[in-house]
Amino acid sequence: MSDTIEKVKCLIIGSGPAGYTAAIYAARANMNPVLYQGSQPGGQLTTTNEVENFPGYPEGITGPEMMIQLQKQAERFNTDVRDGWITKVDFSGDVHKVWVNDTKEIHCDTVIISTGASAKYLGLESEQKYLKLGGGVSACAVCDGFFYRNQEVVIVGAGDSACEEAHYLSKLCKKVTMLVRRDEFRASKIMAARVQNTENIEILYNTETDEVLGDGQVVTGVRVFNNQTNEKHEIPATGFFVAIGHKPNTDVFKDYLDLDATGYIINAVPGTSKTNVEGVFVSGDAADHVYRQAITAAGTGCMAALDAERYLAAKDAGFEVSTSTYN
Ligand SMILES: Cc1cc2nc3c(=O)[nH]c(=O)nc-3n(C[C@H](O)[C@H](O)[C@H](O)COP(=O)(O)OP(=O)(O)OC[C@H]3O[C@@H](n4cnc5c(N)ncnc54)[C@H](O)[C@@H]3O)c2cc1C
């Protein structure tokens, strides 16, 4: 083995709530975890101002502040938190090989993947401006809907998640205008029917976003256009929700792990964090297309560390380990 290859008992990829929670549990179980932060230290929550639904913060907390606290908690138990991006893996043998920034090679007994998923946005300059300002653009109705109680909002999207989110918003907001690009929903009939039958949801078909409007600080409306007639009009709104899907950050694992059609990692044994490769576990949004919350990511981070610890214990005890033999 070359001098440049490092041996690690537990490698954690990602520094969101899933990665740091896995680190806290793994470190306290003497697994000496090494955690790579990736290009977004702290993960998705660093892009939001207020987090009001993570238990333990009665007054709420900003996303960046919360993630610094999680990092400190992981470091308190000696997690080795490092800067770096995993560019390549080889999960074909007993030892799991991982490369950092295309150069450093690490051999791991266990790997916990916590690489998250990125929300897709339309890409309009005005959308990105108010997203960065925290001024009324969001990709998560469950996270941010509460801030728009009794107000008028616009949501873009036509799939099951968009319908779910529009319906969620309809229970909080005065009015929800839903922009559907085609003349029909992509969602299942039952989900489409749910929004079609909700009184305070107005659906505009063949309609796309032209511009998110605002006063320089916060969103005040949305200019839309009908893609059949090119007619434009403005909709007053204080919130603009984008529900056009997520992209899991899992490309680097695709040659070894079972992924679904969107790229989410499939749990080999439902209700656990196990993947189809022994010793490789997944937590957080990288495997979750349903809940996508910080608390569920943290919960599955805990599961992944416990599964990894039990896997190593079974292996050390000389048992033949397969995805179903250690629990
Ligand atoms: C704007 C916004 C507001 C939100 N508000 C809330 C809220 O109020 N409450 C709530 O519960 N949830 C909220 N969410 C959802 C929440 O942020 C996510 O569910 C949660 O962050 C998922 O955690 P995770 O650890 O799985 O992944 P993420 O937080 O996405 O972290 C992924 C990590 O993986 C790293 N990474 C990715 N690929 C690699 C690689 N190849 N090598 C190394 N590192 C890699 C990234 O750098 C990052 O650190 C919000 C999301 C957004 C976008």
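Just a few scattered comments:
- Filtering region 76-112 to residues that are closer than 13 Å to A26 by Cβ, touching a strand residue (DSSP E or B) at 6+ places or on another chain (Cβ under 8 Å) and not in a strand (DSSP E or B) leaves only T79.
- Which listed residue, of Y57, Y25, Y36, is of a type in the set (S, T, Y) and over 26 Å from F253 (Cα atoms): Y57
- Region 102-138: number of residues that are open to solvent by 50 Å² or more (accessible area, probe 1.4 Å) and either basic (K, R) or under 17 Å from L257 (Cβ atoms) (or both): 4
- Test: residue in region 81-99 that is closer than 23 Å to T21 by Cα and open to solvent by 70 Å² or more (accessible area, probe 1.4 Å): yes
- Any chance P33 is more than 10 Å from the ligand (Cβ to nearest atom) and at pLDDT below 95: no
- Residue match in region 233-240 (condition: under 26 Å from E125 (Cβ atoms), open to solvent by less than 50 Å² (accessible area, probe 1.4 Å) and among the β-branched types (V, I, T)): yes
- Screening Y57 with (1) of a type in the set (S, T, Y); (2) free of Cβ contacts under 8 Å to residues at least 60 places away in the same chain; (3) open to solvent by less than 40 Å² (accessible area, probe 1.4 Å) gives one miss only, at (3).
- Looking only at region 241-265, and only at residues there that are over 18 Å from N276 (Cα atoms) and open to solvent by 50 Å² or more (accessible area, probe 1.4 Å), the one that is farthest from the ligand (Cβ to nearest atom): I244
- Subset of region 270-294 [open to solvent by less than 30 Å² (accessible area, probe 1.4 Å) and more than 9 Å from the ligand (Cβ to nearest atom)]: T272, S273, K274, T275, V277, G279, V280, F281, V282
- The strands (runs of 3 or more DSSP E) found wholly in region 174-260 and carrying at least 2 residues that are under 30 Å from P270 (Cα atoms) occupy 246-248.
- Residue in region 301-313 that is more than 25 Å from N249 (Cβ to Cβ) and either open to solvent by less than 30 Å² (accessible area, probe 1.4 Å) or at pLDDT below 85 (or both) present: yes
- Put simply, of T272, T229 the only residue that is under 30 Å from V98 (Cα atoms), out of contact with any Lys or Arg (no Cβ under 7 Å at 6 or more places or on another chain) and among the β-branched types (V, I, T) is T272.
The values are calculated or read from the model by the stated rules, or taken from the named source; none is laboratory data. Bear in mind the structure is a predicted one, so any value in this text is a computation, not a measurement. Counting neighbours? That spans all protein chains shown, and the Cβs are built from the backbone with ideal geometry, glycine included. Calculation scope for accessible area: heavy atoms of the full protein, side chains included, ligands and nucleic acids excluded. Shrake-Rupley method; radii C 1.70, N 1.55, O 1.52, S 1.80 Å.
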